[in-house]
Ligand code: WT7
């Protein structure tokens, strides 16, 4: 692709990198030619096993049966904490930077061990056993990590729910995986604003009769309601318990956690990851994608409520004995220089964030960046959505001073870790491309008839070979797992994304092919938002689509049809927006509501979203065939009253 700018690997970076291009080629080939041998070697090198496996990989995509390291035993918490004590007890495991720039804290591996053991003992004291599900609804304070690791230590399965989700969303996730214990805090802080986590939990639990314990971390010390038999004061109780807690030895295929993510239909799915494969994949990708060196300070700005927080704030870095920065705040508080100030303050070497944050900060001008030296930075990364070349260039030139490679990492909640990415010492970069597959990853592009495309091509992005970090099932609904990922292309894992492969074999993600939106890197199902809107008694029908948004990547565009006799008003718009916020969370709020007297439907009653997407994006010359519509005239009204022109 001669029209695309390429940034070759810099020799200064390559000379210190773990993997150069030649090594990448050799290791990649080995991982594809003989995956079992490759993964066995990596598993020996990166993970402590209490017992070795009988077989490396038992996978049948046609049956959606995926199992790695069968017969092996290990404990993930031991791998992330205990095994570093012998040589690195006094190394900083976690640097915590509060929402308030005056507040930060360092936690060594020794301290982490003590905190996690006490937390684990508290869970045990409340009756939590191996296999039980525990819901974690927390702000970004170190205790969220302690809680996750404490679960892993005793073999409980955590389900972290993003602190920005509403009580309603929290409730449905608690019920779906039958959690009987919830871990929360009195309040969280974000950008100087308080998030009433305990109040939200109380509201959610009105409909969760089986929850017998709520462990509350007192953080802001706000006044909260207290249910004496149920609520437990974390600080008070943990202090009385032992600072030692034996680890539960787990089977490689025992569940480690559940994490809910949106699909194109129905309720969010409980994506289930297991112990052995997940921790190996999180560790190896963190090590090579971020070219991790022992003394690096590494910072991923995600929230623990998303997979990025699981794999690349906690599990991957801690498995590698790294120093990982946990940030409570937001990019623009107290001002738009916060990221760069934190980088200077803690001498951050590796910085991993989302394109939406980069775009928002780019809009604030470069003076905020230039106020900080950023001289510690060595490597930059992005994740969550396609990065537009303009934002990539700004990140590269203005933030990284043309010194730091950028790893544009493509992956999903389902994949557990990064699948497509440059390796910074090996891969020439092209702005906007997630470049090449990681070790053991065999991507393919499919046409509409299910044929694999060769060479330069565009199609549905699938994987033809399993990797250890792949999800194993949808919690409680294996059929949904099969239907969602393995039914479209027999013998392949279907990602839901479309992609293009260029002449150099580089991949360019073109976005979701299903009805899933990506708003500021957050995944939202259009069906979920529609269900929230139709809860209102004045609403007859709703259809939600995405449209291009300068900062968020995609915005939420809702077409709403009212019950006959109801009239549209700005007040109703506000009520509906609030309703979505209450049902899902503020991230799902529609950016635009358009009143639609009718929706374009086929004669069989199916809403033609293709047309709605075009109208929302103001792409009118390209509406396609509308002749099959039951009533083509509704389109004229929608065009006439569209919001983006
Ligand atoms: C979807 C997965 C992966 C952790 C955060 C999101 C989109 C993710 C990229 C990227 C283009 C990307 C895809 C994917 N996506 N990373 N580097 N370039 N698109 O996890 O919530 O499971 O969302 O995010 O569409 O399917 P998630």
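Taken together, the values in this text are just the output of simple stated rules run on the coordinates, not laboratory data. Just so you know, these numbers come straight off a predicted model, no measurement behind them. We place every Cβ from the backbone using ideal geometry, glycine too, and count neighbours over all the protein chains shown.
Brief remarks follow.
- Stretchable slack from residue 464 to residue 447, in nm (0.36 nm times residue separation minus alpha-carbon distance): 4.7 nm
- DSSP bridge pairs, the chain: antiparallel proportion in percent, nearest 5: 60 percent
- Label-to-label distance, residue 610 versus residue 218, with points set 7 angstrom from Cα along the beta-carbon direction: 6.1 nm.
- MRE, 222 nm, helices only [DSSP H, n ≥ 4, -39500 (n - 2.57), over the chain, to nearest 500]: -8000 deg cm²/dmol
- Cβ-Cβ FRET estimate between residue 55 and residue 639, R0 fixed at 51 Å, reported to 0.05: 0.30
- Contact order relative to length of the chain, as percent, for alpha carbon pairs under 8 angstrom and 6 or more apart: 13 percent
- Column: log10 I(q)/I(0), Debye, Cα scatterers of the chain, q = 0.09 Å⁻¹: -0.74
- Share antiparallel - DSSP beta bridges, region 520-641, percent rounded to 5: 75 percent
- The simple Förster model, with R0 at 22 Å and r as the Cβ-Cβ distance, assigns residue 390 and residue 12 a FRET efficiency of 0.25.
- Share, in percent, of DSSP beta bridges within region 252-339 that are antiparallel, nearest 5: 65 percent
- Prolate is the label for region 465-581, because a/c, from the alpha-carbon gyration tensor with a ≥ b ≥ c as root eigenvalues, is 1.5 or above and a/b exceeds b/c.
- Label-to-label distance, residue 626 versus residue 86, with points set 7 angstrom from Cα along the beta-carbon direction: 7.1 nm.
- For region 531-632, the gyration tensor built on C-alpha atoms gives an oblate shape. Its axis ratio a/c (a ≥ b ≥ c) is at least 1.5, and a/b is not larger than b/c.
- Gyration tensor (alpha-carbon) shape descriptor, region 537-596, a/c threshold 1.5: prolate
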